[in-house]
Amino acid sequence: MKIFLIMILASVLLPGPAPGAELPRADVDTIPNTVIVLPVKKGIRLRWVVPPLDIKEAQELNWKNLAFGVDEKENPWVGHDRRFLINSLQNTVFTVDQPYENVVWTENNGIILSTQRQMGYLDVPAKTISAQDGSPTMNFKAGVELPYPGMRMRAAWNNTVYFWGQKIKTSRYEVFLIQSDGEKPKIRNLISEPHPVTAVSGDGQKTYIAMGPTVVLLEGNKSPQGYFKHPDEDILELELYQGAGLFYATKSEVGFIGRKQWFNFLKTPEPHIQLRNKKLYILVSNSLGVLRIEGADLFDGVERPVMNPEEAE
C-alpha cells in the first residue's frame, strides 16, 4: 500500500502565529471543497501561517478581486477590492489612494503596484486617514508607463517583473520583462502571441508562459518550446523555483510541474500562490487562511501523490 500524507485542512494542521485583530477567527473542523495531499519526503512540511476564518465569516466580508503576496520578511499580504492591503501577522491594514490592478512583492525592492496604465510604489503621507474605515491611506507614486492598459503583473527571480496584456491595434498578446540594476528600469518585449496569456514566471533568462492550459518555455532568442499542458483547466498563476520546477494554480487546484512528472496536491476554489525562501505560500480564498509548505525545493523527483485516497490502496 502506498502511503501519502492526506489532510483535510483545518482539522489536522497546526495553527500558525496569532492572527491580526482585523480578521475575526473561529475554530473550524473542515474547509469546504478543500483537500491537500502532499508527497512524503523529509523536509516537506505544512502548516497554517494565517489560520482560516469560519466560512460564513469569510463570506460576510464579501471581499472582491483578491490579491496575494509575501514580502521579503515572509509576511503574507492579502489585497481586496483593488484598494485595501492587509498583513494579518503584523496587524497592518491600509488603503491605497487609487484603484490598483496588480500588487507584487519583489525579492528586495519591496512592494510594487500597477494601475490601469502605470507601475509604481507606495508613499506614506502624513496624517491622511481613509474615510471608509479609519485605516491609513498610502499614495500611489507612478514610476513606469505601461505599454497597454490593464496589464497583468508578476514578480520573479533576480528582481525582475513581468507584464503582459493585449495590444489593441493588433489583438495580439505581448509579454514584457522589466529589470532594474539601480538605474532607470529597462523594458524588453519578449514575445507576441495570438493566444491569450494567462500566467508568466521566470528569472529573466528563462521565461515560462501559460496560454490557457498550455505552458511554453522561452529562453534567449530561441523560439518558444512546448513545456506542459494541463488536461482540464487554464493555468492562472505560475511560480518558478530555479532548479526544481514550476508550481501552478488553476481555478480549482495547486500543483507542481517537474522535469519528469507533474501532479496536483491541493484542491480548493480560486487559490493564489507565491514562493519565498524555499517555501510555497498559498491563499485558501474561501476561508482567507494562508498555508505554508516548507521544502518547495524538494518536490522534483518525489513519488507522485494520489489525490483520491482510494487510489493509494
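Under 7 Å by Cβ, and 6 or more places apart or on different chains, what pairs join a residue from the stretch 232-245 that is free of Cβ contacts under 8 Å to residues at least 60 places away in the same chain and of a type outside the set (Gly, Ala, Ser) with one that is surrounded by fewer than 19 Cβ atoms within 10 Å (Cβ to Cβ) and outside any strand (DSSP E or B)?
Once the first residue is free of Cβ contacts under 8 Å to residues at least 60 places away in the same chain and of a type outside the set (Gly, Ala, Ser) and sits in the stretch 232-245, its partners that are surrounded by fewer than 19 Cβ atoms within 10 Å (Cβ to Cβ) and outside any strand (DSSP E or B) give Glu233/Pro213; Glu233/Lys251; Glu233/Ser252; Asp234/Gly212; Asp234/Pro213; Ile235/Pro213; Leu236/Lys251; Tyr241/Asp297.
Which pairs have Cβ atoms under 6 Å, sit 6 or more apart or on different chains, and link a residue in the stretch 284-313 that is under 19 Å from Pro32 (Cα atoms) and among the small types (Gly, Ala, Ser) to one that is modelled with pLDDT of 95 or more and surrounded by fewer than 19 Cβ atoms within 10 Å (Cβ to Cβ)?
Ser285/Leu66; Ser285/Glu270
What's the number of the only condition in (1) assigned to a strand (DSSP E or B); (2) touching a His at 6+ places or on another chain (Cβ under 7 Å); (3) of a type outside the set (Lys, Arg) that Ile112 fails to meet?
If we test Ile112 against (1) assigned to a strand (DSSP E or B); (2) touching a His at 6+ places or on another chain (Cβ under 7 Å); (3) of a type outside the set (Lys, Arg), just (2) comes out false.
Filter the stretch 27-53 down to the residues that are free of Cβ contacts under 8 Å to residues at least 60 places away in the same chain and in contact with a Ser or Thr (Cβ under 8 Å, 6 or more places away or on another chain), then identify the one that is farthest from Lys279 (Cα to Cα).
Only one residue fits best here, namely Asp29.
Out of all the residues in the stretch 202-231, which are closer than 24 Å to Ile293 by Cβ, modelled with pLDDT under 95 and part of a loop (DSSP other than H, G, I, E, B)?
Listed by number, the list holds a single entry, Asp203.
The rows are residues; the columns are (1) under 21 Å from Ser135 (Cα atoms); (2) modelled with pLDDT of 90 or more; (3) of a type outside the set (Phe, Trp, Tyr); (4) touching a Lys or Arg at 6+ places or on another chain (Cβ under 9 Å).
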{"site": "Leu9", "(1), (2), (3), (4)": "no, no, yes, no"}
{"site": "Leu13", "(1), (2), (3), (4)": "no, no, yes, yes"}
{"site": "Trp48", "(1), (2), (3), (4)": "no, yes, no, yes"}
{"site": "Glu74", "(1), (2), (3), (4)": "no, yes, yes, yes"}
{"site": "Trp77", "(1), (2), (3), (4)": "yes, yes, no, no"}
{"site": "Thr92", "(1), (2), (3), (4)": "yes, no, yes, no"}
{"site": "Val96", "(1), (2), (3), (4)": "yes, yes, yes, yes"}
{"site": "Gln118", "(1), (2), (3), (4)": "no, yes, yes, no"}
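Has the stretch 75-88 got at least one residue that is within 18 Å of the chain's Cα centre (by Cα), in a loop (DSSP other than H, G, I, E, B) and either closer than 19 Å to Glu270 by Cα or hydrophobic (A, V, I, L, M, F, W, C) (or both)?
yes
The values are calculated or read from the model by the stated rules, or taken from the named source; none is laboratory data. Predicted model, so just to flag it, every value in this text is computed and none were measured. Because the Cβ atoms are built from the backbone with ideal geometry, glycine has one as well, and the counts that use them run over all protein chains shown.
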